[in-house]
Amino acid sequence: MMRSRDSSLDRLLSVSWEKALANDLAAELEQFSGEKRTMVAEVRRFIAIKAHRDLLDRLRKARAGRTSFAALRSVAIEMRQYAVERPAFWAAALRAPVTDCTEWRSADNQIRDFMAELFVECGVHGSGADDASGMLKSLVRGFVLHEIMGSFSRVYSYEQSYEKAIDVFIAGVQAVMTCR
């Protein structure tokens, strides 16, 4: 089925996803609160902090009772679920702190530390853990973007397809660890 393009889709594709989502959220906040949109940076910080905290809470729950690669699989599946359910917050959670905001940096570091600890359980340490975390975020973001945009052809189950992608990711992590 071919989807028709409308002006909002053209606008979304003409600017960065994060900027478009932040502007849309700021406009909604202005509409519902009656406050002027002069504090977009503050709104961006608020949304980013909330997104980081929400995501970390969900990842902790997904990891509970699991270790090593079983925990990694569960966390990766929860990342996709969060991204599909809350795409604006997922985009905000991916943003690195762009201002000197202690709360935002703390929330970002908590997710980084959580992922680093998880990758240590899988045998990946130091900068390798940061690289693996970045690769996983890229995998999730790319998969979800294609899922939302309907650009996969012949996908019968997004869940099964994503689980296969995670299998490949985990196999890659394991292969790198056995080569060392």
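The values are calculated or read from the model by the stated rules, or taken from the named source; none is laboratory data. For clarity, every value in this text was computed on a predicted model and none was experimentally measured. Here Cβ is always computed from backbone atoms with ideal geometry, including for glycine, and neighbour counts include all displayed protein chains. For the accessible areas, the whole protein counts, side chains as well, though only heavy atoms, and no ligand, DNA or RNA atoms are used. Shrake-Rupley method; radii C 1.70, N 1.55, O 1.52, S 1.80 Å.
Rounded to the nearest 10 Å², what accessible area does ARG53 have for a 1.4 Å probe in the complete protein model?
Taking all protein chains as shown, ARG53 has close to 120 Å².
Summarise the accessible area of region 60-180 (1.4 Å probe, protein heavy atoms) by the percent that is carbon and sulfur.
Here it works out to 52 percent.
By accessible area of protein heavy atoms, probe 1.4 Å, what ranking do ILE77, ILE111 get, highest first?
Result, largest first: ILE77, ILE111.
Under a 5 Å amide H to amide H cut-off, with H placed in plane at 1.01 Å, what residues pair with ARG66 once short-range neighbours are removed?
For ARG66, whose amide H was placed from the backbone, there are no distant partners under 5 Å.
Of ASP100, ASP113, which has the most accessible area and how do the rest follow, probe 1.4 Å?
Working: ASP100 140, ASP113 75 Å².
Sorted by accessible area, descending: ASP100, ASP113.
What is the mean projected area of the alpha carbon convex hull for region 93-159, to one decimal in square nanometres?
Result: 6.1 nm².
For region 41-47, what does the Karplus curve 6.51 cos²θ - 1.76 cosθ + 1.60, with θ = phi - 60°, yield as ³J(HN,Hα) per residue in whole Hz, taken in order and with x for Gly and Pro?
4, 5, 5, 4, 4, 4, 5
Just the number please: accessible area per residue for region 56-163, 1.4 Å probe, all protein chains included, in Å².
52
At 1.4 Å probe size, put THR102, THR67 in order of accessible surface, largest to smallest.
Reading off the accessible areas and sorting them downward yields THR102, THR67.
Each label point is 7 Å from the Cα along the Cα-to-Cβ direction; what then is the distance between the points at GLU117 and GLN160, in nm?
Once both label points are built, they end up 3.6 nm from each other.
Starting at the first residue of region 78-88, write each ³J(HN,Hα) from the Karplus equation 6.51 cos²θ - 1.76 cosθ + 1.60 with θ = phi - 60°, in whole Hz, x for Gly and Pro.
Per-residue couplings from phi come out as 5, 4, 4, 4, 4, 5, 6, 6, 9, x, 5 Hz.
Once phi is turned into ³J(HN,Hα) by the Karplus curve 6.51 cos²θ - 1.76 cosθ + 1.60 with θ = phi - 60°, what whole-Hz value does each residue of region 146-162 show in order, with x for glycine and proline?
Those phi angles translate into 5, 5, 5, 7, x, 8, 7, 10, 6, 9, 8, 8, 4, 4, 5, 5, 5 Hz.
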